[in-house]
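Q: Here it is, the structure in full.
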Amino acid sequence: MFTSTEIFTVRLSEDGQAVEIIDQTLLPNEVKFLRLETAETLYEAIFGLRVRGAPAIGIAVAFGMYVLAQQIPDNGGFYAELLRLGNYLISSRPTAVNLSHAVKRMLSAAAECGKEAALPRLYEECNAIYNEDRAICRAIAENGLTLVKDGDGILTHCNAGALAASEYGTGLGSLLLGKERGYDFHVYTDETRPLLQGARLTAFELFRAGIDVTLICDSAASMLMRAGRINACFVGCDRVAANGDAANKIGTRSVAVNAKYHGVPFYVFCPSSTIDFDCGSGADIVIEERASEEITEKFFAERIAPEGVKCFNPAFDVTDAELITAIVTERGICRYPYTKSLAEMFGRN
Ligand code: MRU
């Protein structure tokens with residue numbers, strides 16, 4: 001997460017009355033910040049990907065619930081209204097579990113108390129969610145750095161960096177931390193069709209951090225692997241099932257299949273809040289489907305497909321646990337079979 005006064009990803013406004021975000025839909029061409037004060041603007045910002053990335057939307061919603069809680073009239077029914085608002089915000093995007101995880105934490109902070117008692121608790125909880133995420137991203141970055149060495153070529157897909165989480169991000173955290181420690185990585189970022197999070201956001205972040213980053217079309221990754229230019233793949237994720245199946249941006253599975261074929265290790269990075277032990281396998285993960293226009297029109301001066309053509313635009317896919325070399329969390333690194341290693345690491349036995 002960018003946290004300087006010059007640029008930041010998401011924060012609570014100084015007066016505590018709004019969630020402030022950088023509008024990621026405008027990057028890299030324009031750096032513009034938005035002040036979100038209502039449930040509708042928060043919903044729109046998440047659904048419209050102005051704030052995006054699993055941990056960042058969890059933090060935005062946590063701050064948002066504190067902001068909205070202050071607006072609820074103090075005439076009884078405080079908790080019921082907070083619950084309604086939480087469910088409304090959860091419905092903005094279905095795949096990333098961090099969203100409902102943050103809402104659940106905020107609701108339990110406010111449980112069984114009226115507005116007056118709940119507000120300081122909610123304030124504390126949203127800041128805890130934010131500060132914990134910073135520490136978690138740092139720990140993930142440290143753990144991930146043990147998997148690579150100076151000079152390595154790393155392929156990444158979508159954006160799992162400072163714009164998607166706190167501090168260093170998850171999938172890009174080790175690269176940013178490594179840079180600070182003098183590592184010289186050669187990072188290849190898939191442009192990530194159709195919304196170009198790799199081209200617009202990852203390239204923006206890594207370029208700014210002074211990391212050697214090369215933008216490629218998604219379809220160029222296989223050829224680079226064959227040429228021996230990729231030593232590891234680093235991706236974030238939106239939900240990990242108990243068996244290790246991991247949902248991430250559409251196209252991630254293709255990267256993993258290619259990596260397996262070429263013998264390149266494929267690493268998934270996530271905070272524990274992204275692991276959903278209630279979800280047995282990837283088959284239980286709801287995949288968000290988005291508008292056809294994202295494929296046929298967005299980012300193009302003219303339509304690039306015939307009017308009315310049938311489109312299928314899933315925003316995420318699920319990478320099978322067998323294709324994942326390791327899942328890197330703040331607690332440590334889990335290896336296949338994940339049903340056992342995740343349960344052991346997170347005490348779910
Ligand atoms: O649709 P997006 O841009 O929210 O998708 C984001 C991703 O797929 C990220 O890789 C994921 O949320 C991990 S972010 C640390």
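The values are calculated or read from the model by the stated rules, or taken from the named source; none is laboratory data. Everything numeric here is computed off the predicted structure, so don't read it as measured data. Don't worry about glycine lacking a Cβ; one is built from the backbone with ideal geometry, like all the others, and counts go over all protein chains shown. SASA here: full protein model, heavy atoms, side chains in, ligands and nucleic acids out. Shrake-Rupley method; radii C 1.70, N 1.55, O 1.52, S 1.80 Å.
Q: Considering 81, 132, 112, 125, which residue is within 15 Å of the ligand (Cβ to nearest atom) and either within 20 Å of residue 22 (Cβ to Cβ) or out of contact with any Asp or Glu (no Cβ under 6 Å at 6 or more places or on another chain) (or both)?
A: Only one candidate qualifies: 132.
Q: Go through the residues of region 189-198 one by one and say whether even a single one is away from the ligand (no atom under 16 Å from the Cβ) and either surrounded by fewer than 22 Cβ atoms within 10 Å (Cβ to Cβ) or part of a helix (DSSP H, G or I) (or both).
A: Within region 189-198 (the criterion being away from the ligand (no atom under 16 Å from the Cβ) and either surrounded by fewer than 22 Cβ atoms within 10 Å (Cβ to Cβ) or part of a helix (DSSP H, G or I) (or both)), the answer is no, since none of the residues qualifies.
One line per residue, one yes/no per condition, for (1) out of contact with any Ser or Thr (no Cβ under 9 Å at 6 or more places or on another chain); (2) open to solvent by less than 30 Å² (accessible area, probe 1.4 Å); (3) without any contact (Cβ under 8 Å) to a residue 60 or more places away in the chain; (4) among the aliphatic types (A, V, I, L, M):
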| residue | (1), (2), (3), (4) |
| --- | --- |
| 137 | no, yes, no, no |
| 155 | no, yes, no, yes |
| 160 | no, yes, no, yes |
| 163 | no, yes, no, yes |
| 174 | no, yes, no, no |
| 214 | no, no, yes, no |
| 226 | yes, no, yes, no |
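Q: If you take the residues in region 261-282 that are among the small types (Gly, Ala, Ser) and in contact (Cβ under 8 Å) with a residue 12 or more places away in the chain, which one is farthest from the ligand (Cβ to nearest atom)?
A: 280
Residues checked against (1) within 15 Å of the ligand (Cβ to nearest atom); (2) aromatic (Phe, Trp, Tyr):
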position	(1), (2)
28	yes, no
34	no, no
48	yes, no
63	no, yes
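Q: Across region 179-188, which residue is nearest to residue 291 (Cα to Cα) among those that are open to solvent by 10 Å² or more (accessible area, probe 1.4 Å) and touching a Ser or Thr at 6+ places or on another chain (Cβ under 8 Å)?
A: So the residue we want is 188.
Q: Does residue 221 satisfy being within 25 Å of residue 133 (Cα to Cα), crowded, with 20+ Cβ neighbours inside 10 Å, touching a helix residue (DSSP H, G or I) at 6+ places or on another chain (Cβ under 7 Å) and among the hydrophobic types (A, V, I, L, M, F, W, C)?
A: No.
Q: Could you tell me which numbered condition residue 202 fails, if it satisfies all but one of (1) more than 10 Å from the ligand (Cβ to nearest atom); (2) assigned to a helix (DSSP H, G or I)?
A: The failed condition is (1).
Q: Which one of 119, 155 is of a type in the set (A, V, I, L, M, F, W, C), away from the ligand (no atom under 16 Å from the Cβ) and modelled with pLDDT of 95 or more? Quick ask: steps written out before the conclusion?
A: Numbers: 155 fails: away from the ligand (no atom under 16 Å from the Cβ).
Testing whether each residue is of a type in the set (A, V, I, L, M, F, W, C), away from the ligand (no atom under 16 Å from the Cβ) and modelled with pLDDT of 95 or more leaves just 119.
Q: Now, a different point. Of all residues in region 244-256 being open to solvent by 40 Å² or more (accessible area, probe 1.4 Å) and in contact with a helix residue (DSSP H, G or I) (Cβ under 8 Å, 6 or more places away or on another chain), which is nearest to the ligand (Cβ to nearest atom)? It would help to see each step written out before you state the result.
A: First, the residues of region 244-256 that are open to solvent by 40 Å² or more (accessible area, probe 1.4 Å): 250, 253-254.
If we keep only those that are in contact with a helix residue (DSSP H, G or I) (Cβ under 8 Å, 6 or more places away or on another chain) too, we end up with 253-254.
Values: 253: 12, 254: 14 Å.
Result: 253.
Q: Working carefully through the options 233, 237, find the one that is assigned to a strand (DSSP E or B) and either surrounded by fewer than 24 Cβ atoms within 10 Å (Cβ to Cβ) or within 16 Å of the ligand (Cβ to nearest atom) (or both).
A: The unique qualifying residue is 233.
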